[in-house]
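Enquirer: First the structure, which I've put down as structure tokens, then a few questions once you've had a look.
The values are calculated or read from the model by the stated rules, or taken from the named source; none is laboratory data. Because the structure is predicted, anything quoted here is derived from the model rather than measured. Here the Cβ positions follow ideal geometry from the backbone for every residue, glycine too, while neighbour counts run over all protein chains shown.
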Amino acid sequence: MKSSPRWASSLVVLALCLSLGGAAFATRTGDDRGRAEAALAALSAVPAHARLAHEPMTAARRALTRAEEARAAGDTKHAPELEALGREHAETGTDLVRAAEAEKKLRDVQKDLSDVETKLSRARALLEETLARRGRAQAKLDELEKSKAAPPPAAPTPKKAGGKP
């Protein structure tokens, strides 16, 4: 079977496009470096965050340095992987900070909840005490109204002195 030069050139163009697309995809890991550096900058901006995420930040910087060294040595296979590793470490630091902030908010909410529960129990106790007082006052009022409505007891008639025994 005889292949035409036109068909062969189309095949070469297709192979070239695929290889350029693969190269573009491989260089897309530059996004990993950029994202890692952005995350490291954000973490470094707040001293408390930098202290909390010290280990992941150190690991991310080490991975990015190794990626630079790998590129300088011509290792284009491992350099993007190291940049991705650096991004993962930087994102781990960011996640660690977010988790710590969420835990702090949780502690604050739990404290507020405890305060509200204490106030609620005090309010219930006051309500029960008020209801008991009201009940006692109502009973006393009922007793007074009963005694007011009843005729006064008949006074005993005094006996005359000096009468027959």
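Enquirer: On the given criteria, is A79 surrounded by 10 or more Cβ atoms within 10 Å (Cβ to Cβ), over 30 Å from the mean Cα position of the chain (by Cα) and over 18 Å from A38 (Cα atoms)? Reasoning before the result, please.
Expert: Working: surrounded by 10 or more Cβ atoms within 10 Å (Cβ to Cβ): yes; over 30 Å from the mean Cα position of the chain (by Cα): yes; over 18 Å from A38 (Cα atoms): yes.
Yes.
Enquirer: Looking for something within 20 Å of the chain's Cα centre (by Cα), part of a helix (DSSP H, G or I) and either aliphatic (A, V, I, L, M) or closer than 23 Å to D31 by Cα (or both) - is there at least one such residue anywhere in the range 103-110? Don't jump to the end; show me each part of the working.
Expert: Going through the range 103-110, the residues within 20 Å of the chain's Cα centre (by Cα) turn out to be 103-110.
Next, from what is left, pick out any that are part of a helix (DSSP H, G or I): 103-110.
Retained after the next criterion (residues that are either aliphatic (A, V, I, L, M) or closer than 23 Å to D31 by Cα (or both)): 106, 109.
Among the residues of the range 103-110, at least one is within 20 Å of the chain's Cα centre (by Cα), part of a helix (DSSP H, G or I) and either aliphatic (A, V, I, L, M) or closer than 23 Å to D31 by Cα (or both), which makes the answer yes.
Enquirer: Conditions: (1) within 23 Å of P80 (Cβ to Cβ); (2) exposed (fewer than 11 other Cβ atoms within 10 Å of the Cβ); (3) modelled with pLDDT of 95 or more. C17 meets all but one. Number of the miss?
Expert: (3)
Enquirer: Does E81 satisfy the criteria of being closer than 26 Å to A42 by Cα and either free of Cβ contacts under 8 Å to residues at least 60 places away in the same chain or in contact with an Asp or Glu (Cβ under 8 Å, 6 or more places away or on another chain) (or both)? Steps first, answer last, please.
Expert: Working: closer than 26 Å to A42 by Cα: yes; either free of Cβ contacts under 8 Å to residues at least 60 places away in the same chain or in contact with an Asp or Glu (Cβ under 8 Å, 6 or more places away or on another chain) (or both): yes.
For E81, the condition - closer than 26 Å to A42 by Cα and either free of Cβ contacts under 8 Å to residues at least 60 places away in the same chain or in contact with an Asp or Glu (Cβ under 8 Å, 6 or more places away or on another chain) (or both) - is met.
Enquirer: Which of the residues spanning the range 40-76 are surrounded by fewer than 20 Cβ atoms within 10 Å (Cβ to Cβ) and of a type in the set (A, V, I, L, M)?
Expert: Filtering the range 40-76 down to residues surrounded by fewer than 20 Cβ atoms within 10 Å (Cβ to Cβ) leaves 41-42, 44-48, 50-52, 54-55, 58-59, 61-62, 65-66, 68-76.
Within the range 40-76, A41, A42, A45, V46, A48, A50, L52, A59, A70, A72, A73 meet the criteria.
Enquirer: Test T29 against the criterion of being surrounded by 15 or more Cβ atoms within 10 Å (Cβ to Cβ), more than 13 Å from E91 (Cα to Cα) and at pLDDT below 95, and give yes or no.
Expert: yes
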